[in-house]
Every structure is written in C-alpha cells, then in structure tokens.
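> Once you've had a glance at the structure underneath, I'll fire off some questions.
The values are calculated or read from the model by the stated rules, or taken from the named source; none is laboratory data. Keep in mind that this is a model prediction, so the values were computed, not measured. In this analysis, Cβ positions are derived from the backbone assuming ideal geometry, glycine residues included, and neighbour counts consider all displayed protein chains.
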Amino acid sequence: MQEDFLHYIWRFKKFDFGSAKTVSNLPVTIISTGTPNLNSGPDFFNAKMDIGGQLWAGNVEIHLKSSDWYVHNHETDPNYDNVILHVVWKDDVEIFRKDNSPIPTLELQDLIPENTLQNYRKLLIAPNDKWINCERDFHKFDGFEMNNWLERMYFERLQDKSEIILELLRNSGNNWEEVLFKLLARNFGLNVNGGAFLNMAQSIDFKIIQKNQNSQLALEALFLGQSGLLEERIEDIQYRKFKKEYEFLKHKYSLENEYVERVKFFRLRPDNFPNIRLSQLAGLYHKVPHLFSKIISAKDKYQLYEIFEIETSDYWKTHYSFDKPHPSKRKFLTKFFRDLLIINTLIPLKFCYSKKTGAGASEDVLELMEEIISEKNGITAKFNKLRENTSINALQSQALLHLKSQYCDKNLCLDCNLGIKLIQGFR
C-alpha cells in the first residue's frame, strides 16, 4: 500500500463514503475533500465535512498508519494545528491536538471496493519486470481517451520547454532573435554536441552575429573558432582563411573561448560532424536576416522547410575535415533534420512567443505537429508494439516521450488518466 493511492481514494471519493465513520464511531458526511497541497504541510486544504453532527472546515492529513503522525513530528508543527480529519489505511494509535483534544480519524481499509484494490495491486504492487506498469492493458484504451491524454502530455512537454526558453529570454534582455540563435545552436549540435554548441553560442554576443551576417566566411570562422576547431597547425588554404578571419574577429570583439566546451566527433556520422553543422548554421544566418520574424510568420511546415533550405559553404562540399578532400557532394539540411528543428526548436519557440504576447496558438501548434511524421526511436517503437499506431505524428511521439519519462518511469500511474482508468476498471 502506498500513500499516493490513499490520496487518490480520498480526492476522488473512491470509497464507500456513505458508510464513513470515524474510529470512535462518529458519522462523517463529506461536503468537500479539499484542495490538494503540493507543498509542505497538510495534504488537503480547505476541506468541509460534518463529523458527528458538527460542521468542520479545515485541513486533512493522510497516512498509511495513524502513528505516522508522530513519525513525521506533526505534533510539533504548527502547520498541522488546523487538521480536522486524519485519513489512514490503518488506525494504530490515537493522535491529539495541542489542547489534548483527539483528532478524528477515518480508517479506509474496510471502505475501499475490493476490485479497486485488486486493480491497484495489479498495476503498481505486482512484481515490476514490465517496461511500463500498464503494458499488458495498454492496447485496451480507446482512441478518444488516448488522444485526449496524449494532447495533454504534449502541452505539458511544451510547458517544460517554455521554462527553458523563458530563462534564456530573461538572460538576453528579452531579445527573441538571440534566444532563437541559442536554441538553434543547441539543436544543430544534436545530442552529442548540443551542450557544446549552446556553450559556443553563449560565448558570442548576438550583436556580433548580426554585424557579420553579410559574410558567411566571418560567421563560419566565428563558430569554428569559438568551438576550438581552429587551434591546430594545418596546411590547408581554407583552414588558414578561417583562422586568419577568426583571429581578426577575436581581437576586434575581445572574444574568449578558453571555457567553451569542446565539440566531439566520436561515433558521429560524417554529415553530423560539428564542422559541417556549424557551417550550415552559419549559412542559415547569412542567408536569412530577421530569422525570428520569418519563423513566427510561417503558417505551415512547408514555409518552415523553405526557410531552412540551406547547405554548407563550398569548401565543405568536398571535405568532411580539413585537408582531406573527397568527391563533391552537397551537404544540406535533410527533411528529417528540418523536422527535428521544427519539433524541438521552432514550435516550442512559437508557442512560448504566443503565450508571452497573449496570442492564442494552441490549435496552430497541434495542426503543425500533426502534419509532421512521428519520430522513430526506441520509445515510440515500443509504444507502437504495445498498441498499434499509437505514434503516427510528431505530436504523439513527443507526448509519448513525456509520458514515459515523467509518468511511467516515475510510477505516477495515479496522476495519469490511463492509470486511473485501469484502477477504476474498464466499463
């Protein structure tokens, strides 16, 4: 038995409250179970109930055993002075207020329906060798309730990403263009170099980027140099051009890169090498001035695709690394990579900007995400195996990633609409 189960039982009255009596045999009529408290203090605030013919208003505390009141030292904490009912699974000791009057106690173990207990034990108490607790029943959820819950999961994920964006916005003095640059840099680096690329972006005042947008050579030299990719002695004409340009810009703008995280090449496909991605990022800012406003005004994925139709500078068409040429090959942003940028950068940014400016964007966000094909990874593949076509579009894949990491992995089935459905039993 877990305390969060008792929270669920109390909050949603999933017990025989018509027969509720305190352990001293006083009838309890619940008017309001109260408001859940997510911080320290009693578990529910502002509950209302009739206990033995007397109307009470105050707080409710929930424990597995009555003696937990003393284990948690509530008798010395003034935050618990206004508790009007102690709700427990098992009553094993009487508890008292500071004035020595007993606090009414409601014992739940004989009031919860047996099928509810069995469903709870099956979901959360049974030996847990499952990928997710509900995997044996995941295919039973109907499309309507699944889609509703995944939509909520997606907006929770967007909200989490908004917190990161808003922090960057505060640190930039409300410069949305600068925030976009940092977000793009991080996502151009993907998982391996995302942190290093963001670190590089943070090491350059965005005004320097804007002042040098008319020269791809300057931008590329800036990004390569600040990332530590121009520190060797290489006898390559283009390398020397980059290095000369970077040394000039470094002196001109008093740049430092000593503490910038160094990029990695290990286990990367050549098209994802950091020098290739940095060249593409430089090409984007050279090609598209006022990038933020163009992204905000884009109405569909095709307009966003067009903005990001970019490739490396000419040198990298014949090189993956300095002084090692290969037959000419254009290295542009693939549709797959552009989809990742839309999912992880552009839509969260548009959503956050709309919220910040008071413009509604929820429907536009949903439509755009539903236009993009689902991400393919181990998590979406597993969900699709448990329930066919669970992840078809990007909204669903992002929602499932959030569901897995923030609910399933943390055993928060009682905070999940799908888990609650299982405990209640399919009808």
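> Taking the stated definitions as given, is LYS182 in the same structural domain as PHE197 (by TED's automatic domain parsing) and buried (at least 18 other Cβ atoms within 10 Å of the Cβ)? Steps first, please.
Values: in the same structural domain as PHE197 (by TED's automatic domain parsing): yes; buried (at least 18 other Cβ atoms within 10 Å of the Cβ): yes.
Yes.
> Whether any residue in region 242-252 is crowded, with 18+ Cβ neighbours inside 10 Å, assigned by TED's automatic domain parsing to the domain that holds GLY189 and within 30 Å of the chain's Cα centre (by Cα) is what I want to check.
no
> Search region 7-25 for residues that are over 15 Å from MET49 (Cα atoms) and touching a residue at least 24 places away in the same chain (Cβ under 8 Å) and pair each with any residue that is aromatic (Phe, Trp, Tyr) and part of a loop (DSSP other than H, G, I, E, B) when their beta-carbon atoms are under 9 Å apart and the residues are at least 6 apart or on different chains.
From residues that are over 15 Å from MET49 (Cα atoms) and touching a residue at least 24 places away in the same chain (Cβ under 8 Å), the pairs are ILE9/PHE15.
> Among the residues of region 358-380, is any in a loop (DSSP other than H, G, I, E, B), among the charged types (D, E, K, R) and on the phi < 0 side of the Ramachandran plot?
Within region 358-380, one or more residues are in a loop (DSSP other than H, G, I, E, B), among the charged types (D, E, K, R) and on the phi < 0 side of the Ramachandran plot.
> Tell me, which residue of region 408-427 that is farther than 20 Å from PHE155 by Cβ and among the polar types (S, T, N, Q) is modelled with the lowest pLDDT?
The extreme case among them is GLN424.
> Taking ALA57 as meeting all but one of (1) exposed (fewer than 14 other Cβ atoms within 10 Å of the Cβ); (2) in contact with a helix residue (DSSP H, G or I) (Cβ under 9 Å, 6 or more places away or on another chain), write down the number of the exception.
That leaves (2) as the condition not met.
> Looking for something in a strand (DSSP E or B), of a type in the set (Val, Ile, Thr) and touching a Gly at 6+ places or on another chain (Cβ under 8 Å) - is there at least one such residue anywhere in region 30-41?
no
> Which condition number does ILE392 fail, the rest of (1) among the β-branched types (Val, Ile, Thr); (2) closer than 23 Å to LEU284 by Cβ; (3) touching a residue at least 12 places away in the same chain (Cβ under 8 Å) being met?
Here ILE392 meets the rest and fails (2).
> Another one. So in region 1-40, with the set limited to residues that are farther than 14 Å from LEU106 by Cβ and of a type in the set (Phe, Trp, Tyr), which one is surrounded by the most Cβ atoms within 10 Å (Cβ to Cβ)?
Per the stated criteria, the residue is PHE5.
> Within region 390-407, count every residue that is farther than 18 Å from PHE155 by Cβ and either in a helix (DSSP H, G or I) or modelled with pLDDT under 95 (or both).
Counting residues in region 390-407 that are farther than 18 Å from PHE155 by Cβ and either in a helix (DSSP H, G or I) or modelled with pLDDT under 95 (or both) gives 0.
> A further question on this structure: Contact list please: Cβ distance under 7 Å, first residue in region 208-226 and in contact (Cβ under 8 Å) with a residue 12 or more places away in the chain, second residue small (Gly, Ala, Ser) and not in a helix (DSSP H, G or I), pairs at least six apart or on different chains.
What qualifies is GLN216/SER313; GLU220/SER313; GLN226/SER203.
> Tell me which residues, restricted to region 84-123, are in contact with a Gly (Cβ under 8 Å, 6 or more places away or on another chain) and closer than 28 Å to LYS410 by Cβ.
Selection gives ASN115, THR116, ASN119, LEU123.
> Report whether or not PHE223 is under 24 Å from ILE347 (Cβ atoms), surrounded by 15 or more Cβ atoms within 10 Å (Cβ to Cβ), aromatic (Phe, Trp, Tyr) and at pLDDT 95 or above.
When the stated conditions are applied, PHE223 does not pass them.
> Within region 253-268, take every residue that is within 29 Å of the chain's Cα centre (by Cα) and of a type in the set (Phe, Trp, Tyr) and give me the one that is modelled with the lowest pLDDT. Even if it seems obvious, please write down each step before you answer.
Narrowing region 253-268 to residues within 29 Å of the chain's Cα centre (by Cα): 259-268.
Keeping just the survivors that are of a type in the set (Phe, Trp, Tyr) gives 259, 265-266.
Values: TYR259: 95, PHE265: 95, PHE266: 92.
In this case the residue turns out to be PHE266.
> A follow-up question, please. In region 129-146, which residues are in a helix (DSSP H, G or I) and either under 16 Å from LYS385 (Cβ atoms) or touching a residue at least 24 places away in the same chain (Cβ under 8 Å) (or both)?
Once the filter is applied, which keeps residues that are in a helix (DSSP H, G or I) and either under 16 Å from LYS385 (Cβ atoms) or touching a residue at least 24 places away in the same chain (Cβ under 8 Å) (or both), region 129-146 yields PHE138, HIS139, LYS140, GLU145, MET146.
> Answer yes if at least one residue in region 51-70 is more than 23 Å from LEU111 (Cα to Cα) and of a type in the set (S, T, N, Q), and no otherwise.
Checking region 51-70: not a single residue is more than 23 Å from LEU111 (Cα to Cα) and of a type in the set (S, T, N, Q).
> Please go through region 269-320 and pick out each residue that is in a loop (DSSP other than H, G, I, E, B) and modelled with pLDDT of 95 or more. Walk me through it before giving the result.
As a first pass, look at region 269-320 and keep what is in a loop (DSSP other than H, G, I, E, B): 269, 273, 288-290, 298-300, 308-310, 312-313, 318, 320.
Hits for region 269-320 are ARG269, PHE273, VAL288, PHE308, GLU309, ILE310, THR312, SER313, THR318, TYR320.
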